[in-house]
Every structure is written in structure tokens, then in C-alpha cells.
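Remarks on the structure that follows.
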Amino acid sequence: MTYDFTSCFEALSGVVHQVNSEEAAAQKIYEICQQQQVSCLALANLPEAFIQQIENYCGGLKILKEPYPSESLPLAMDEAGIGVTGIEFAIAQSGTMVEVSDNDAVRLVSSLPRTHIGIIYKKDIIDTYFESGSRIREIISRHDRNVVISFISGPSRTGDIELKLTLGVHGPEEAHAVIIEDH
Amino acid sequence: MASDRYKHLYEKITEALSDTKKKELLLSCVKRGRDTRAARLETLPGGAAFRSDVRAAKERCIEDLPRLKKLFIENARKRGVSVFEAKNGAEVISYCLDLARKHGARTIGKSKSLTTEVIELNHPLTEAGLNVVETDLGELIIQLVDEKPFHLVFPAVHKMAPEVAKLFSDLTGKEVADDIPSIMKVVREYMRPIFLNCDIGMTGANIGIAETGGICIETNEGNARLVSSIGKCHICVVGMEKIVETVDDALLMIMAHPVSASGQLPTTYVTWMHGRSELGESGADSERESHIIILDNGRTEMRDDPEMREALYCIRCGACMNICPTYGVVGGHTFGHIYPGPMGICWTAGVHGLETAGDFAQLCVSCGLCKEICPAKINMPHMIAEIKHRDAKTKGHLLVNRVMMGADKAAKLGSATAPLANAALKSRPVRNIMEKLIGLSAERKLPPFAATTFMQHFAKRTPTVKDPIKKVAFFVDVYANYNDPKLGLAAVAALEEHGCEVIVPDQDVSGYPSIAYGGMDQARKIARSNVEKLTPWVKKGYGVVAIEPTATYALAVSYPTLLRDNPDARLLADNTHELFEYLIALEDETGQKPNSALLAGKRFGFHCACHQRPLGSGNGAMAWVRRLGADIELIETGTCCGMGGTFGLKAGILGHELSSAIGEPLFKLFKESGVDAVVTESSVCSIQLAEGTRLPVYHPLQLLDLH
């Protein structure tokens, strides 16, 4: 690998956590909830077993998860202080988490809450930006109707007032990447 | 009179120059754009090489556009998207109104889209009772004050925090502190219900991908993610030129756009939308709609016009704004109709017509820097020259521009009548009259004419070189011929010293002023004549060496575009060299060492003329001076010194005054650098730098006489 995802994502004001297992990742999510005094957490795009571990750790918190009933969206999601989504793959060179969804509820989980946490398995980190082409084409062809691929490289930012970098104007003010080493 | 037409433009420039605060913000904005781009290029593998890839991809996709558009439409429809091809803005407007009625929509959340700005979509929607809200912060501010974008990437860069705080205070009825974090908090709270409740989400698209039928939307704020996921109906308005062939093309554009705009790789969010997804589990067929409106609005005509086709290569990064010298001091409200800056001239001509573009095209000084920074290498200087030319066909040229286009004839006359002409140039009353009559600034100190021209001197020489190692056809242009023949002779001597046979074939002036002011018939005539006169020598093995940067640029860069179908123009261009690049290569080849003690202890600041940027960037001249023992460093702001060829010689606001305002930051750098003198190869930049820095200014060859 020529590039280091962690330093590239952090250069974009992102926060990276390296953990050894899904259980440790669940624990890290709980810690972040505690630090931010969040009472409601939204999940999407995650494997069932991992969701259970998060539920085990975050017992006292309100957890929103799929399937999301369409009638209550998007308002219900606005309650969540933290959104956790599974990341299909990440690009080290550009510090990018690539989220794939065929339901827009997933996009709300990663864009409405004040904090977004992306879950990345270490094996899914690719080195260079242009290597992503074949994976993107593969994802698109796998979905012959609808699919949205979202590149997420750090928190929501703007420089629109006096060119001063400000985070979290519409989307998340904090973007975390939890990298699970062993899977 | 042609000058009456620009009264409004002059007023706007004057106003822009007098607003110090706004000017400072704009300068720091464009400078930051240049600096962050440059910093990214340092670490990007291949540096600026991606520009060739973007160019090639755009050439291919625009050439193949009819097929790609069809393929894009087919693939998008397969994914359940409704695609509408709109001929013009009016069709977009009525399509959107119909959709809004059908959905009983009240609120439309919009994510930044220049394409909808250009067709002024918001106004008729609002008229119809819809609440149209821009969600990009900069665009929202612009919408609230009812202005047009000041800069493409930073549309509200001219608004200070207190002004913005007041806006949101008025809007929300709450007290808003004027620090940025407080404003952001209010913006987030104010916008949230709009996002959550918008009925229709409207976005542009940076890219359409033919092979997949998908679109890509780039933002930093994440607003497009929200408006494209929440509303029942998503409308995407995309210019047809945004369609590329493959996913890899899309990745290239997604990289090139933010790298060129702000050094980012990529923007914080890139949304690749393929079809419309459900929102949550409805259990029934989703009623969520997706509409893509592909807009023509003059693009087909641009594509069919060989001189304007390149406008369709634009990826809207705003880099040309960040480097354009005049835009950098006057901003988008003066330099633009809706789409601002250099590309704005081309785009305005294609979409709003020649006359509207012509109203501000005079702000282009033809320095050519926009082409050098453009990720698609769009030849904006040529397109703008063509626009000025077409516009002048009906509206006429400004008198002063006609004078500048004929400056070589004046120089010829000045040289023939040298003592008298020089006395006149020095006489203030005469100069005042000239300013009044022909618009030449009386304040500019002009170089005197030489009674004997370079050509006349050269004709009297006997060639000294036997068994030459290289054969050179020397191109002299105006200044070294009529004003400073000594300089031309020194160049010839330097070439001969290295064993070159130097001839001065029959030649015309370079004619660049005709390009700069849009006298394209004359420019083509001159180019053709020079190609006819010089190419036979190239075919005999002569290399063309030119002494004036702008002349070199004309031969090496401009002529092949002016004379598109003439292969000899390309041949001449490929065999044209800058004097010092040529001399340095000769030194390396012959192993002849210059006297490295000649300028020991001297410190110079080098000024690179804009027209050298695509050539050697002055590296040859700097290396040449270094080998003579001097210290020399490039001193630059990254844009033009403001002279813009003969632009700064013109009197008044659209000339000397604007030219000085552009030069200020560069003058300051030179004055603070502590160098002994300025060195530049350009005869016109030297006038500007002498006036602005008050330092001695030398051509590199003049340094030989300094010791």
C-alpha cells in the first residue's frame, strides 16, 4: 500500500478508530455515544450479528434499525444523534469511505445525524483512487435497477463564509471510521 | 460610438476597484484556489498530467455525444428514470412546473446548480407559488440577497460574517451572533425542517455516465445527499455536455474537478445515483420518482461551431477564475453575466448570445493563463478572441483597440522619424493630446524609437560563423526591431558565439495584438504570411528562435489554432524556440562555459511573462543568468503582472488603472524581496514592472553590460 487511509481520512478532519473485532467495534460505538451523550442511535447496512453486538453494548440507548417503515421517514431519523453505516470499501489515497445503498434510508443514517460512523473491514481498504473503478462498475452492474454509491471523505464542510473551513453545516459535523482489523 | 457601450462596464469596474474589503476577500479567495491546487499537484502522482487525460476524454465524449446521450437515456430509463430532453430553459421551467402541480408540491429543496442558474429557473417557480430554497450555503446567501454568483465555487465570497449574520437574523427573527460557528448553528437549525419536508429535491449533476445511465453529484456540504434522498420526487437538470462514456471517465472528472477548484481529492461527498431508491420499507411499489432533464440551450450549436466546441469541455471547476488577472480584482458581478470569469465569456456567448458576452469580453487581456490552468486545457484565449471578433463585426472595435492592433505600424513610423517621434513621446502636452485622441495612456513611460532598425543593422553585417552546428532563423517582432535593435543584435551574437548560423528571413510582426483585441481576420492574415515566409526555412533545417515571449507564443501556440487546417502552421510551431531555452541547450551541447564570475554577487528577481508559461516558464533565462554567477529567483503571484500585452498602455479604467490594480500584489513582492533588479524577457511587462516596483528592470541580455 502506498497510502495510509488513517492519515488521509484524518487530514480531512475525520476520526479513525482501529479495533480487532466486531465486538470491539460495538464497544467503540458505545464509547462514542457516551462521549457525545447521545440517547438515540441509527444503524444501516450492517450484518445482523454485528447489530446484535451493538444492541448488547448500547442497551440503554434507543436504537433505530432496518427495516425502517417509510411512513416515519425522514422525521424519525432526525432524532438520532449518531448514525452508523456499513461501508462497502474505502480508498486510502483520498480518505474515502464508499457506502452502497439500494434504500435511501441508509443515506439518511449517514447524512442526518450530527455524527456519522462508518464501519470498514480492513480487507476492504484499497490503495489508490483509480483502483476504485472496477469495484464501482461491479457494484452498479450487480444492481440492475437502483443503487446509490456515496463517496464520503470526512465530515460535511463549507468555506462559504469568508473562506473559513466550517464543519457540519448540513450533514455530519463529525465523521468517524471504525476499522475492524480481524474478520 | 463603441465606447458608449462600455459606460456601464467602466462604472462597474470603478466600483469594484474602490471596494477595498471586497477586493481583499476576492484576492485571497482566488489566491487560495491557486495555492491549494498547486499544493495538491505536488503530491498527486503525475502532477498536472491528468489534464491531458481530461482533455482526451472530453474530446472523445463530445465528439461521440449524440450516441452517448442516446445510450445514457436508454440506460437511465431501464432504471425507471424519466428522461426529458429540453431544448431550452423555457422547456425546463414548464416541465418542472408540471411536476410540481402533479405532486402538489409546496417546497423545492435545491442543491447548487449553475445550469439552473443560467436558465434562471428559480424565478418562475417562485412566481408559481412554490417555495424554492437553495440549500448550498453560498447559494442560499446569494438567493437571500437576490444577487448572482460572485465566484463559481464560492458564490458568496464577498459577504462578510456580520452581513451574513444579519441576513439570517432577519430570516429567522432571532438574534444571530456574527461569528461563523454561531451562524452555522442557525443555518443548520433553519435548514433542517426544509430538508425534512421538501416535496421535490432538485439537483444538477456534475456527470452523466452513458454506460450505466447514472449521474454523479459532488458537494462538500452534503446538501445534495439530503435533497436527493428525501423528496418524493427528484429532479436532476444536467447539461448535455456532462455526459461521459464510462465509469472511469467519471472517476477522472470527479478527481479533476475538485483538484482544480480547491486542491481537494475528491469533494467530501460524491453521490453516484443510479435510478431512484425507496425510502424505508413501504411494502408497496414506491411512488418515488426520478427525473433527469438533459438541457441543450445552445450546446448543440456550440458543438457544431469549431471555434466554440471546446466550451463544452468545461467541468465548472472555476480554476480559470482563480488565475484570471482581471477577474481577480473585479469579481463576478463585473466580469460575468451569470456564469462569471473567462469561461463565462465563452458560455455567455453560447447561451445568452454574442452581444451579452461582448459587453464584458473586453475584460479579457488575452494573457492566456486560463488555458494553462484549465483541467481540460480549453483554449479560452482563442475562443474569447473569436467572440470579440464576431462581436466587433456588428458593433465595431474600440478606437484604442484599433490603435493597439496597429501599433507595429506606429512603431515603424516612430523609428523612421525617431528624433521627432521621441521628442513627442517625452512631451506631456503631446501625450495628453494622444491620450485624448487615441486612448494611449499619457502616464506610461514608453521606450524611445531607434532611428536604425534591427533589420537595417543586421543587413549590414557579414556572417561570421563557418561550419555552423545549428541553423537559426531569427524572429525579432516589434520591440527589438524598432526600439531596441541592440538587444536583437546581442541575441544574434549570443547564438553565433555557440556556432549557430543566424539568418533573419523576411517576416511580419507576430500580430498577437490582433488576437488579443479580436481582429481575427488580420491575425489570420499575418499568421498565414509568417507561416509562408518561415516554414520554407524550417523545411531547410532552420530552427526559429524568437526573442519576445508573446511573439514566441503567437508562433508556437496561437498560429496552429488560427490556421487549423494548415499543417505548415503546426510545423512552424513545433520548430519555434524561446531564445534562452535554445541558448541553454546549446551551452549544454557545446560544453562552452560562460564566464561564471561575470555577475557574481548580484541578486535578481525574475518575472515570467504569462505567454512563457506554456513554453519554458522562464527556466531557460533563469538558468542562463545563474550560469553567469548571479542569484536569480522567480518572483510571482501566480497570475499576470497586469500589463496584458498592450492592455496596460491604454488610458483609463479599462487599461492603465485596472492594470495597476492587478499589478499591486506583484509589485509588493518585488519591493519586499530585496533584489537588486527585476529581470524579464518581455518588453511590455518591463514597462509595468519599472513603473510599479521603481526597481531597475533588465532583459537578461542587458545584464552582460552590467558588470
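Some values worked out for this structure:
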| quantity | calculated |
| --- | --- |
| Which numbered condition A:ASP160 fails, given (1) touching a residue at least 12 places away in the same chain (Cβ under 8 Å); (2) at the interface with chain B (Cβ under 7 Å from one of its Cβ atoms) | (1) |
| Residue check for A:ILE119: facing another protein chain (nearest Cβ under 7 Å), crowded, with 24+ Cβ neighbours inside 10 Å and in contact with a Ser or Thr (Cβ under 8 Å, 6 or more places away or on another chain) | no |
| Residue match in segment A:96-112 (condition: within 12 Å of another protein chain (Cβ to nearest Cβ), within 13 Å of the chain's Cα centre (by Cα) and farther than 30 Å from B:PRO181 by Cα) | yes |
| Positions within segment B:391-406 being of a type outside the set (Val, Ile, Thr) and buried (at least 20 other Cβ atoms within 10 Å of the Cβ), in sequence order | B:ASP391, B:ALA392, B:LEU398, B:ASN401, B:MET404, B:MET405 |
| Scope segment B:623-643; condition modelled with pLDDT of 95 or more and more than 17 Å from B:LEU695 (Cβ to Cβ); matching residues | B:ALA623, B:TRP624, B:ARG626, B:ARG627, B:LEU628, B:GLY629, B:THR639, B:CYS640 |
| Filter pass, A:LYS28 being in contact with a Leu (Cβ under 6 Å, 6 or more places away or on another chain) and closer than 19 Å to A:ILE87 by Cβ | no |
| Out of A:GLU99, A:GLU71, A:GLU55, A:GLU66, sole residue that is among the charged types (D, E, K, R) and in a loop (DSSP other than H, G, I, E, B) | A:GLU66 |
| Subset of segment B:644-703 [part of a loop (DSSP other than H, G, I, E, B) and more than 15 Å from B:LEU446 (Cβ to Cβ)] | B:GLY644, B:GLY652, B:GLY674, B:VAL675, B:ASP676, B:GLU681, B:ARG694, B:LEU695, B:PRO696, B:HIS699 |
| Helices (runs of 4 or more DSSP H) wholly inside segment B:241-330 containing at least 1 residues that are under 24 Å from B:VAL92 (Cβ atoms) and at pLDDT 95 or above | B:247-262, B:299-304 |
| Residues located in segment B:363-414, provided they are of a type in the set (Gly, Ala, Ser) and either within 16 Å of B:PRO342 (Cβ to Cβ) or not in a loop (DSSP other than H, G, I, E, B) (or both) | B:SER366, B:GLY368, B:ALA376, B:ALA385, B:ALA392, B:ALA407, B:ALA410, B:ALA411, B:GLY414 |
| Only listed residue being over 26 Å from B:ALA76 (Cβ atoms), modelled with pLDDT of 95 or more and not polar (S, T, N, Q), chosen from A:GLY133, A:GLY118 | A:GLY118 |
| Residue in segment B:3-20 that is more than 24 Å from A:THR2 (Cα to Cα) and within 14 Å of chain A (Cβ to nearest Cβ) present | no |
| Residue in segment B:231-243 that is surrounded by 22 or more Cβ atoms within 10 Å (Cβ to Cβ), touching a Pro at 6+ places or on another chain (Cβ under 9 Å) and within 12 Å of chain A (Cβ to nearest Cβ) present | no |
| Answer from B:ALA523, B:ALA480, B:ALA491 - the residue that is closer than 15 Å to B:GLY406 by Cβ, crowded, with 23+ Cβ neighbours inside 10 Å and touching a residue at least 24 places away in the same chain (Cβ under 8 Å) | B:ALA523 |
| Residues (outside any strand (DSSP E or B), of a type in the set (Gly, Ala, Ser) and closer than 30 Å to A:CYS33 by Cβ) located in segment A:117-145 | none |
| Elements of type strands (runs of 3 or more DSSP E) contained in segment B:58-169, each with 2 or more residues being in the same structural domain as B:MET191 (by TED's automatic domain parsing) and either under 29 Å from the mean Cα position of the chain (by Cα) or within 30 Å of A:THR158 (Cβ to Cβ) (or both) | B:107-110, B:131-134 |
| Selected residue (criterion: nearest to the other protein chains (Cβ to nearest Cβ)) from residues of segment B:210-230 that are hydroxyl-bearing (Ser, Thr, Tyr) and over 15 Å from A:SER101 (Cα atoms) | B:THR212 |
| Residues that are surrounded by 21 or more Cβ atoms within 10 Å (Cβ to Cβ) and more than 22 Å from B:VAL684 (Cβ to Cβ), drawn from segment B:495-520 | B:LEU495, B:CYS500, B:VAL502 |
| Residues within segment A:150-163 that are surrounded by fewer than 23 Cβ atoms within 10 Å (Cβ to Cβ) and touching a strand residue (DSSP E or B) at 6+ places or on another chain (Cβ under 9 Å), tallied | 1 |
| Candidate set: segment A:62-95, residues that are of a type in the set (D, E, K, R) and more than 7 Å from chain B (Cβ to nearest Cβ); chosen: the one surrounded by the fewest Cβ atoms within 10 Å (Cβ to Cβ) | A:GLU71 |
| Positions within segment B:170-196 being assigned to a helix (DSSP H, G or I), more than 10 Å from every other protein chain (Cβ to nearest Cβ) and farther than 26 Å from B:ARG106 by Cα, in sequence order | B:SER182 |
| Residues being hydroxyl-bearing (Ser, Thr, Tyr) and within 22 Å of the chain's Cα centre (by Cα) - total across segment B:651-679 | 2 |
| Residue tally, condition within 7 Å of chain A (Cβ to nearest Cβ) and out of contact with any Pro (no Cβ under 7 Å at 6 or more places or on another chain), over segment B:252-278 | 11 |
| 2 or more residues under 23 Å from B:VAL472 (Cα atoms) and either touching a strand residue (DSSP E or B) at 6+ places or on another chain (Cβ under 8 Å) or in contact (Cβ under 8 Å) with a residue 60 or more places away in the chain (or both): qualifying helices (runs of 4 or more DSSP H) within segment B:567-631 | B:579-590, B:619-626 |
| Residue count for segment B:441-477, restricted to those that are part of a loop (DSSP other than H, G, I, E, B) and over 30 Å from B:GLY652 (Cβ atoms) | 13 |
| Residue list for segment B:189-236, filter: without any contact (Cβ under 8 Å) to a residue 40 or more places away in the chain and either of a type outside the set (D, E, K, R) or at positive phi (or both) | B:TYR190, B:PRO193, B:LEU196 |
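Every residue, every condition in (1) part of a strand (DSSP E or B); (2) modelled with pLDDT of 95 or more; (3) within 18 Å of the chain's Cα centre (by Cα), yes or no:
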site	(1), (2), (3)
A:VAL38	no, yes, yes
A:LEU43	yes, yes, yes
A:GLY60	no, no, no
A:ALA76	no, no, no
A:THR85	yes, yes, yes
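The values are calculated or read from the model by the stated rules, or taken from the named source; none is laboratory data. Source: prediction; values computed, not measured. In this analysis, Cβ positions are derived from the backbone assuming ideal geometry, glycine residues included, and neighbour counts consider all displayed protein chains.
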